[in-house]
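The values are calculated or read from the model by the stated rules, or taken from the named source; none is laboratory data. Values in this document were obtained by computation on a predicted structure and should not be read as measured data. Here the Cβ is made from the backbone with ideal geometry for all residues, glycine too, and neighbour counts use every protein chain on show. The area values use the complete protein model at the heavy-atom level, side chains included, leaving out ligands, DNA and RNA. Shrake-Rupley method; radii C 1.70, N 1.55, O 1.52, S 1.80 Å.
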Amino acid sequence: MITIITGSQRPRSQSAKVAAFVQMLLDRRTVGAHAVTLETGLLPLWTDDPEAQAAQVEAWAPVATMIRASDALVLVAPEWNGMAPPALKNFFLYCTSHELADRPALIVGLSSGHGGSAPASELRLSSYRDTQICYIPEQVIVRRVTEVLNEPEPVSEDDAYIRFRLDYALGILIEYGAALAQVRSSGARNFELIPYGM
């Protein structure tokens, strides 16, 4: 099982389109997938205010359950002003119970222009330490996202190539998922002794 996180909070986003295409590719491979979209305001803005805890726990519980049932994740991360969007950063603030630990993740960055790599760099830099998520070396950057993945068949060389790269990267992610399942079941991690990264 793979969980696809759609990181945009914009309704009817290009991120949702890309996530739907990823899900279709996983369906072709007969790999089950959970979809989590952050565009609906699914997760309230994280805070350590005790009065907000009950609402946060209620919102997070079903997402955490999906993640724990997954072998791997796909993070669809649009580039907004050269950054990952706030809804996606907020998602990581909820991951305090090691839900992501030793789970491989594929980053799919996207941009309406020629960018798209900044969210991948940002996520690799700032979201892995305490969550212990394992980003795989492969990543996909979907540039000029409004021009690709719109039709059942590719309409350009760029469209065909990005479809190939997504499918190729998912194949690698699936293998990482199988391999890291052994790490998670090994008992090597001791979160009581070492709860956070350095």
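Tabulated data for the structure shown
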read-out	value
Mean-position separation - Cα centroids, segment 139-197 and segment 15-29, in angstrom	11 Å
Separation in nanometres of the label points that stand 7 Å from Cα toward Cβ, at ALA178 and PHE191	2.7 nm
Distance (nanometres) between label positions extended 7 Å along Cα→Cβ at ASP167 and ALA61	4.1 nm
Beta bridges per DSSP with both ends in the chain, % antiparallel, nearest 5	5 percent
Cβ-based charge dipole, the chain, positive-most Cα from ALA84, SER121, PRO62	SER121
q = 0.16, 0.23 Å⁻¹: log10 I(q)/I(0) that the Debye formula gives for segment 99-198, counting C-alpha atoms only	-0.77, -1.18
Calculated P(r) of the chain - Cα pairs past 30 Å, %	18 percent
Solvent-accessible area per residue for the chain (1.4 angstrom probe, square angstrom)	51 Å²
Taking all pairs of distinct alpha-carbon atoms in segment 22-135, Kirkwood radius in angstrom	15.0 Å
Cut-off 16 Å (backbone N to label point 7 Å along Cα→Cβ of ALA52), residues of segment 71-96	86-96
Carbon + sulfur, % of accessible area of the chain - ligands and nucleic acids excluded, 1.4 Å	56 percent
Check: segment 2-185 dipole with +1 on Lys, Arg Cβ and -1 on Asp, Glu Cβ, in debye	140 debye
Positive-pole candidate from PRO195, THR40, ALA179, dipole of the chain, charges at beta carbon	ALA179
